[in-house]
Amino acid sequence: MKFIAVDIDPSETPAMVVDYAKSNGFPWTFAMGDAPILQRFKVLETGTKFVVDSRGVITYQAGSVGEDAKTWQGILQNLVAT
């Protein structure tokens, strides 16, 4: 399974995202989002979170709530199991 985080904040540059990932020790790939991807997934705020499986199906969606590490672990384990 490959995990890709998509940054959707229009004020952030790719360099800012790389620096953020490195400073937090995030090992996954980051990609920059754009207007079409925001529209496709109906993103209304920068805190919107989605988990999309390998078929492009949204398996989890939440607004700007603070999921803890245990919650994310369960969400991602369920994704791997499918």
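The values are calculated or read from the model by the stated rules, or taken from the named source; none is laboratory data. Predicted, not measured: the structure shown is a model, and the values here were computed from it. In this analysis, Cβ positions are derived from the backbone assuming ideal geometry, glycine residues included, and neighbour counts consider all displayed protein chains.
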Does residue 36 fit the bill of being surrounded by fewer than 10 Cβ atoms within 10 Å (Cβ to Cβ) and either in contact with a His (Cβ under 9 Å, 6 or more places away or on another chain) or of a type outside the set (Gly, Ala, Ser) (or both)? yes
Within segment 64-77, residues being under 18 Å from residue 2 (Cβ atoms) and surrounded by fewer than 13 Cβ atoms within 10 Å (Cβ to Cβ) number 2
Residue check, residue 61 among the polar types (S, T, N, Q), touching a residue at least 12 places away in the same chain (Cβ under 8 Å) and either within 26 Å of residue 81 (Cα to Cα) or exposed (fewer than 13 other Cβ atoms within 10 Å of the Cβ) (or both): yes
When the residues of segment 1-19 are filtered to those that are of a type in the set (Asp, Glu) and assigned to a loop (DSSP other than H, G, I, E, B), which remaining residue is farthest from residue 54 (Cα to Cα)? 12
Considering residues that are surrounded by 10 or more Cβ atoms within 10 Å (Cβ to Cβ), out of contact with any Asp or Glu (no Cβ under 8 Å at 6 or more places or on another chain) and on the phi < 0 side of the Ramachandran plot, the number found within segment 41-58 is 10
Top-ranked residue of segment 35-62 - restricted to ones that are in contact with a Ser or Thr (Cβ under 6 Å, 6 or more places away or on another chain) and in a loop (DSSP other than H, G, I, E, B), ranked as modelled with the highest pLDDT: 53
Select from segment 8-28 the residues that are of a type in the set (Val, Ile, Thr) and either more than 24 Å from residue 63 (Cβ to Cβ) or surrounded by fewer than 11 Cβ atoms within 10 Å (Cβ to Cβ) (or both) and list them in ascending order. 13, 18
